[in-house]
Amino acid sequence: MTTVNTTQKTPIVDKGLDAQTIKKLPGPPEFTEELRLRSETDGVLLESYLIYEPEHQATWFKDEVALLGALDFDEKYQPFLERRGDWTYCALAIRHLSQDDAGNYSVRVKNKYGEKANHVRLSMKDENAPTTVGVIEPTFFRKPSSRQEGTKLHLECEIEALPRPDISWSKGDIIIQENDKYSFYRVVQPSNPNIHFVRLTINNPSTEDGGNYIVRAVNSVGEKDCTLALNFGGGVESEENVPARVYEQPQLLQPNPDTLVLEAHIHANPKPKISWLCNGDFVKENERHISRLEKRADGLNKWTASLTILKPVKSDAGDYKCSCKNKWGTDFTTFQLG
């Protein structure tokens with residue numbers, strides 16, 4: 001396998017957006033979701049989105065070995081960094097798939113503020129094995145995030161999987177058992193029963209509860225885990241600097257037959273920036289699509305982000321994503337309109 005210098009820059013494909021449209025958001029690279037696999041006729045795409053900040057450098061790896069691509073054309077691997085409004089589409093196309101392509105893939109993205117990595121495992125099925133239809137390998141629809149509620153600290157995420165996955169939580173190498181200190185919760189998303197909302201609650205958290213928490217999802221077709229690092233600076237998090245986080249299940253409302261409202265509840269200080277996407281493209285506001293961000297009356301630094309769709313039509317169907325960002329953090333939640 002050919003390797004390249006890891007400092008080689010992947011070109012950004014400018015989609016013709018002007019400087020006023022592309023808002024520069026300073027900070028280290030921030031992925032909006034775990035790398036996802038998407039099949040194409042001649043291969044597969046490993047893809048995600050980044051909060052856009054110019055001068056990104058991206059290097060792709062398979063099993064910790066850098067892959068050819070970047071500025072050079074390669075028939076096997078083709079990386080992408082494409083500007084899409086305030087975001088960057090980050091992907092690797094793998095062509096002419098074979099059993100040898102199975103492995104652990106990662107992308108390492110750098111800018112002048114820092115570095116971030118994202119990972120996914122590509123599993124190749126045995127051609128002689130029976131075909132499995134209607135199954136989903138566990139995927140993190142929303143990465144783990146934390147929120148404080150009185151004397152409780154909640155760690156939450158959303159996982160897509162079919163069949164129903166087994167969920168386990170651990171702190172470092174220690175499996176967490178439910179007791180007076182820890183409690184578990186899970187429920188399926190009403191609009192998509194394959195998406196599981198899972199939560200670990202830590203009662204009366206203290207500095208001793210700091211560390212790396214791992215949530216793992218396993219079903220008959222695969223497994224996936226994700227880590228959340230908790231750093232305690234002495235007690236309950238200050239409300240002066242609150243990373244933007246979605247703190248409740250999103251709501252899909254229909255106040256009347258001609259109106260749909262997608263609503264997310266967000267905890268953030270300073271005020272978050274909100275972006276709405278549908279099937280990966282930004283939703284443009286117009287007379288039928290109206291985005292709002294309003295302060296909630298039921299808590300400090302609580303916000304309601306909503307997207308109102310008037311007189312919905314068939315073309316409004318799709319997978320919607322509400323992303324929130326401030327200087328301290330980024331989070332997102334999803335909706336599905338059939």
Any pair with Cβ under 6 angstrom, 6 or more apart, that starts in region 197-214 at a residue that is at negative phi and ends at one that is open to solvent by 20 Å² or more (accessible area, probe 1.4 Å) and of a type in the set (Val, Ile, Thr): PHE197/VAL187; VAL198/ILE167; ASN212/THR227; ILE214/THR227
Qualifying residue in region 77-93 (condition: part of a loop (DSSP other than H, G, I, E, B), open to solvent by 50 Å² or more (accessible area, probe 1.4 Å) and modelled with pLDDT of 80 or more): no
Candidate set: region 28-45, residues that are assigned to a loop (DSSP other than H, G, I, E, B) and more than 23 Å from THR334 (Cβ to Cβ); chosen: the one modelled with the lowest pLDDT: THR41
Any hit, region 208-216, residues being assigned to a strand (DSSP E or B), touching a helix residue (DSSP H, G or I) at 6+ places or on another chain (Cβ under 8 Å), modelled with pLDDT of 90 or more and open to solvent by less than 30 Å² (accessible area, probe 1.4 Å): no
Restricting region 288-338 to residues that are among the basic types (Lys, Arg) and in a strand (DSSP E or B), the residue that is nearest to GLU30 (Cα to Cα): LYS325
In region 264-287, the residues that are of a type in the set (S, T, N, Q) and part of a strand (DSSP E or B): ASN269, SER275
Condition check for ILE290: modelled with pLDDT of 90 or more and out of contact with any helix residue (DSSP H, G or I) (no Cβ under 9 Å at 6 or more places or on another chain): yes
Criterion (open to solvent by 20 Å² or more (accessible area, probe 1.4 Å) and out of contact with any strand residue (DSSP E or B) (no Cβ under 6 Å at 6 or more places or on another chain)) met by exactly one of ALA317, ALA297: ALA297
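The values are calculated or read from the model by the stated rules, or taken from the named source; none is laboratory data. These figures come from a predicted structure and were not determined experimentally. Cβ atoms come from the backbone with ideal geometry, glycine included; neighbour counts cover every protein chain shown. SASA here: full protein model, heavy atoms, side chains in, ligands and nucleic acids out. Shrake-Rupley method; radii C 1.70, N 1.55, O 1.52, S 1.80 Å.
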